[in-house]
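Report on one structure; see the data block that follows.
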Amino acid sequence: MTSNSSTQTMQEALRQLESETLTALAALSDVLSLEELRVSVLGRKGTLTQILRSLKEVPAEERSAVGSMANGIQDGLNQAIDQKKQSLQASKWQAQITTEALDVTMPGRVRTPGVLHPLTLVTEEICDIFRLMGFHVIDDTLCPEVETDYYNFEALNFPADHPARDMQDTFYTHVGPEVLLRSQTSNAQIRHMEAHQPPVQVVVSGRVYRNEEVSSRKNVLFHQLEGLWVDENVSMADLKGVLHRFVALFFGEERPTRFRSSYFPFTEPSAEMDVQCILCTGAGCRTCGHHGWLEILGAGMVDPNVLQGVKIDPEKYVGFAFGVGIERMAMLKYGIDNIRAFYTNDQRFLTQFRGLS
Ligand code: PHE
């Protein structure tokens with residue numbers, strides 16, 4: 001090959017490579033294939049690099065012309081590749097901006113914080129009042145809802161077949177007649193006194209169950225708060241004082257109340273307290289059973305038999321106990337005319353008590 005022909009071949013090869021590369025470049029649509037093309041032409045083993053390496057075969061006098069042509073093509077291709085890279089990047093971002101657009105003016109999702117159940121709020125409020133009067137609020141885990149006949153009845157002076165058992169229609173379990181769902185929180189009195197000698201001054205709240213016909217003022221499940229104060233000098237006057245103070249603090253001094261005698265096998269004497277119905281203000285309505293009053297608690301002086309049963313000396317100690325119906329307290333405070341509202345999980349009802357106390 002003469003020097004001229006080898007120069008010509010090289011120049012042709014360079015031009016062809018240039019135009020092929022530019023055509024391939026124009027057809028490219030992603031950065032990855034662009035990089036592949038760059039490596040195949042301009043990389044260490046790339047076609048243009050190889051041509052540049054063979055420059056030494058070109059006669060010395062023509063080498064500089066061919067060399068500068070090759071360098072020019074190399075620069076041009078480098079530039080074209082850079083430009084293409086920029087435009088590919090720009091269109092990639094553009095696509096991203098349109099597909100992943102974020103509307104910062106869109107309103108956020110509102111997450112409403114949960115609220116405490118009205119019965120929880122009322123129980124807490126009642127406990128706070130008794131704390132003020134020196135009572136300890138005890139944990140109800142030691143006073144089970146599934147209870148034996150002994151703690152729910154017998155130890156509370158309801159012997160078997162005692163007619164007072166009919167006052168509380170009880171749910172019995174499949175386990176047998178001695179295992180039942182407690183019908184009152186008074187089981188807590190026995191369990192607490194078995195474990196503690198006087199002085200005791202406690203309140204404890206929890207669920208109770210009665211096989212009642214469900215109505216706007218009665219449900220098969222409801223809540224009670226039991227109170228017990230046993231010491232050397234506790235009197236009926238203390239019982240009256242504590243309960244009147246409690247009711248006045250909860251409903252306000254103005255609210256009319258009644259304190260009347262009653263009967264429970266485990267207290268002697270026994271009493272009940274009524275609060276005037278808020279819904280009819282005494283005129284009589286469905287919620288108060290047309291009496292104008294709603295019973296909120298039972299109470300009395302602890303029967304000496306009960307103290308003896310838990311090995312507390314009735315010659316030395318006296319005490320009083322009371323059991324408050326929590327739903328009734330809530331209904332009478334907030335004017336709720338249907339007890340079922342507490343259990344149906346209607347958010348419109350439940351959220352009205354947000355922040356109330
Ligand atoms: N346990 C009684 C009831 O549920 C209420 C009560 C409690 C009465 C404590 C006297 C003393 O009806």
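Given R₀ = 35 Å, what would the calculated FRET efficiency be for Lys311 paired with Phe259, taking r from the Cβ atoms and rounding to 0.05?
So the FRET efficiency works out to roughly 0.65.
Counting each DSSP H run of 4 or more residues in the chain as -39500 (n - 2.57), what helix-only mean residue ellipticity at 222 nm follows after dividing by all residues, to the nearest 500 deg cm²/dmol?
Dividing the helical sum by the residues of the chain leaves -13000 deg cm²/dmol.
Go through Thr7, Thr98 and list them by solvent-accessible area, largest first, probe radius 1.4 Å.
Thr98, Thr7
Report the local net charge at Asn152: Lys and Arg +1, Asp and Glu -1, summed over other residues whose C-beta lies under 11 Å from its C-beta.
-2
Among Gln89, Gln189, Gln276, which one shows the highest mean-square fluctuation when the chain is modelled as a Gaussian network with alpha-carbon springs under 10 Å?
Gln89
Please check: in the Gaussian network model of the chain (C-alpha springs, under 10 Å), which one of Gln308, Gln94, Gln184 has the largest mean-square fluctuation.
Gln94
Identify unpaired cysteines across the chain, taking unpaired to mean no other cysteine Cβ lies under 4.7 Å from the residue's Cβ.
Cys127, Cys143
Using the heavy atoms of the protein chains alone and a 1.4 angstrom probe, what is the accessible area of the chain per residue in square angstrom? Spell out each step's value before the answer.
Values: 19640 Å² over 357 residues.
Accessible surface, normalised per residue, equals 55 Å².
What percent of all Cα-Cα pairs in region 3-99 falls into each 10 Å bin, going from 0 up to the bin containing the maximum distance?
Computed distribution, short to long bins: 15, 42, 24, 12, 5, 1.
So for the pair Ala95, Ser54, with labels modelled 7 Å out along Cα→Cβ, what separation do we get in nm?
So the label points at Ala95 and Ser54 sit 3.8 nm apart.
Counting only residues 5 or more places away or on other chains, whose amide H sits under 5 Å from the amide H of Ala271 once H atoms are built in the peptide plane?
Amide H neighbours of Ala271: Ser262, Ala299, Gly300.
Residues with beta-carbon under 13 Å from that of Gln50, excluding Gln50: net charge, scoring Lys, Arg +1 and Asp, Glu -1? Mind showing how you got there, number by number?
Numbers: positive: Arg44, Lys45, Arg53, Lys56; negative: Glu57.
Taking every Cβ under 13 Å from that of Gln50, the sum is +3.
To two decimal places, what compactness ratio does the chain give when its Cα radius of gyration is scaled by 2.2 N^0.38 Å?
Compactness ratio reported: 2.20.
Efficiency by 1/(1 + (r/R0)^6): what FRET value for Tyr172 and Asp346, r their Cβ-Cβ distance, R0 = 35 Å, to the nearest 0.05?
The computed FRET efficiency comes out at 0.65.
Which residue, Ser270, Ser29, Ser235, has the most motion in a Gaussian network model of the chain that connects Cα atoms within less than 10 Å?
Ser29
Which whole-angstrom value gives the distance between the alpha carbon centres of region 221-266 and region 284-357?
Answer, in whole Å: 10.
Around Asn305, under 14 Å between beta carbons, what's the net of Lys plus Arg minus Asp minus Glu among the other residues? Present the calculation step by step, with values, prior to reporting the outcome.
Details: positive: Lys311; negative: Glu154, Glu268, Asp303, Asp313, Glu315.
Taking every other residue near Asn305 into account, the sum is -4.
With r defined as the distance between the Cβ atoms of Ala13 and Asp103 and R0 fixed at 45 Å, what FRET efficiency is calculated, to the nearest 0.05?
Calculated transfer efficiency: 0.20.
What share of Cα pairs, in percent, lie more than 14 angstrom apart in region 29-80?
Beyond 14 Å sits 57 percent of the P(r) for region 29-80.
Using the structure shown, select from Lys218/Lys240; Lys218/Lys311; Lys45/Lys85; Lys56/Lys85 the pairs with a Cα to Cα distance greater than 30 angstrom. Numbers along the way, then the final one.
Values: Lys218/Lys240 26 Å; Lys218/Lys311 36 Å; Lys45/Lys85 21 Å; Lys56/Lys85 33 Å.
Going by Cα-Cα distance, Lys218/Lys311; Lys56/Lys85 fall outside the 30 Å limit.
The values are calculated or read from the model by the stated rules, or taken from the named source; none is laboratory data. Since the structure is predicted, the reported quantities are computational estimates derived from the model, not experimental observations. Counting neighbours? That spans all protein chains shown, and the Cβs are built from the backbone with ideal geometry, glycine included. Ligands, DNA and RNA are excluded from the accessible area calculation, which covers all protein heavy atoms including side chains. Shrake-Rupley method; radii C 1.70, N 1.55, O 1.52, S 1.80 Å.
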